[in-house]
Each structure stands twice: as C-alpha cells, then as structure tokens.
Amino acid sequence: LYHIKSEVCYMGVDLSIFQQKKINKDIDVLFIGAKDFLNGYPLFLEALQKINRKNAVAKVIDGSKWISDSELVDFYNRSKIIVSFGYNEPFGLVPLEAMACGIPIIALDEGGYRETVVNNQTGFLVPRDSSIIADKITFLLNDEKKLTSMGVAARKHIENNWTWEKRIKDLESILLEAKK
C-alpha cells in the first residue's frame, strides 16, 4: 500500500536477570495477565477444572500489584509450567522470560507465540481448547523427564535466539541497511 520497506526488530531477554535458580517448585502452573478474556483467563480457569491431577497448584499474577524483576524471576523459577493465552498476542514477553528461566510454556497456537515457542521442544502450542490445554498440563506434570528436557531446551532456545545482544545486532544490521 505505501510501498515502504519495513523490518521487524524483536525484543530480547536480559539473561543476567532472567535465569534459572535452584528453588522449590511449589507452583504447578503460573498464569500472568489480567483476569479477562483478552488475556485468556476464562480459558485458563476452564482448563484448571479439567486437569487430571489432584492438588495441582495454580498461581495467578494479575497485574493489580506491581512486582519487581527479581520477584517475577522467583515466580517463574517456582513454577513448573507457564501458560500464555493472550488473544492473538502480537509478541508475548512472558514466554521469553519464562523460557530464559528454563520453564516450559503452554501457549496458544496463534499470534506471536508461534514465533517464540518451539512446539514440542520448548513447550506446546495449543488450540483455544480447554480440554487439550488440560491434557498438556497434566502430561507435563506427570512426566518429570519431559518437563525437565523442555525446560533445558527452552533456556537454550533463548540463549541462541532471544538475548538482548542478538536483538541489538539485528537492530544494528537493520539500521546499517537503511543507511545505504
């Protein structure tokens, strides 16, 4: 329409802040976002009701109170799984930060999640279906080996593709190309 060349320059993650810690994983599933449809909260609640596991611990950080990066990193590290259900989320920083902490993601197979989550490696990309989401959560909670291997793959994926250093190099390339 405008005949203007454009480039996408993604955000990155600061690996000096978002990293794995050896702390007790007392949260099975962590949801971060407003308690509304656009953030997928009703879908999260539906999935929780269908989880085939007694006493699964779910935690919600809803943004009603500001938390520091260190508190956020602690929540990530206390969690076994992070869920991201934003409606057509254009990018999604939560999955990147969580994967940097070595936590697998269950995210919707839409929007920007498709660009950051590697299906069946760093987590699962799922349809907007609470039964399938519940099955994936239950599967990971019951398979410690898969949970751990996905967490390791998630951290490696961030180290290889989503650091601030990599993103800065990409931005520099874009700017140098535009200068020509």
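The table below lists the values:
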{"quantity": "Separation of the SER16 and GLU115 label points, Cα + 7 Å toward Cβ, nm", "calculated": "2.6 nm"}
{"quantity": "Cα-projected label distance for THR148 with SER70, points at 7 Å along beta-carbon direction, nm", "calculated": "3.0 nm"}
{"quantity": "Net charge of Cβ neighbours under 11 Å - reference GLY92; Lys, Arg +1; Asp, Glu -1", "calculated": "-3"}
{"quantity": "Scaled radius of gyration (Cα, divided by 2.2 N^0.38 Å) that region 3-46 gives", "calculated": "1.87"}
{"quantity": "Check: region 1-47 dipole with +1 on Lys, Arg Cβ and -1 on Asp, Glu Cβ, in debye", "calculated": "180 debye"}
{"quantity": "Packing-based order for 89-98, 112-121, using average beta carbon neighbours within 10 Å, highest first", "calculated": "89-98, 112-121"}
{"quantity": "Amide hydrogen neighbours beyond the local backbone of GLU89, cut-off 5 Å, H modeled", "calculated": "GLY112"}
{"quantity": "Packing rank of 71-82, 11-22, where each peptide gets the mean count of other beta carbons within 10 Å, highest leading", "calculated": "71-82, 11-22"}
{"quantity": "Gap separating the Cα centres of region 16-32 and region 80-133, nearest whole Å", "calculated": "16 Å"}
{"quantity": "Solvent-accessible surface ranking, highest first, for ILE132, ILE4 at 1.4 angstrom", "calculated": "ILE4, ILE132"}
{"quantity": "For region 78-88, 3J(HN,Hα) per residue [Karplus equation, 6.51 cos²θ - 1.76 cosθ + 1.60, θ = phi - 60°, Hz, x = Gly/Pro]", "calculated": "6, 9, 8, 9, 10, 10, 9, 10, x, 5, 6"}
{"quantity": "CYS101 accessible area, 1.4 Å probe, all protein chains in place, Å² to nearest 10", "calculated": "0 Å²"}
{"quantity": "Net charge over other residues, Cβ less than 10 angstrom from the Cβ of ILE137 (K, R count +1; D, E count -1)", "calculated": "+2"}
{"quantity": "Over 22 Å (Cα to Cα) - which of LYS21/LYS50; LYS146/LYS166; LYS80/LYS136; LYS156/LYS179; LYS25/LYS166; LYS80/LYS169 fall in this group", "calculated": "LYS21/LYS50; LYS146/LYS166; LYS156/LYS179; LYS25/LYS166; LYS80/LYS169"}
{"quantity": "Unit charges at the beta carbon, dipole of region 124-180: most positive-side option, LEU175, ASN142, PRO127", "calculated": "LEU175"}
{"quantity": "Lys, Arg +1 and Asp, Glu -1 on Cβ, resulting dipole of the chain about Cα centre, debye, nearest 20", "calculated": "400 debye"}
{"quantity": "Student exercise, region 133-180 dipole from Lys, Arg, Asp, Glu Cβ charges, in Debye to nearest 20", "calculated": "140 debye"}
{"quantity": "Whether region 1-90 is rounded, prolate or oblate, judged on the alpha carbon gyration tensor where a/c under 1.5 counts as rounded", "calculated": "oblate"}
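The values are calculated or read from the model by the stated rules, or taken from the named source; none is laboratory data. If you're wondering where the values come from, they're calculated on a predicted model, not measured in any experiment. Heads up, the Cβs are rebuilt from the backbone with ideal geometry, glycines too, and the neighbour counts pull from every protein chain shown. Calculation scope for accessible area: heavy atoms of the full protein, side chains included, ligands and nucleic acids excluded. Shrake-Rupley method; radii C 1.70, N 1.55, O 1.52, S 1.80 Å.
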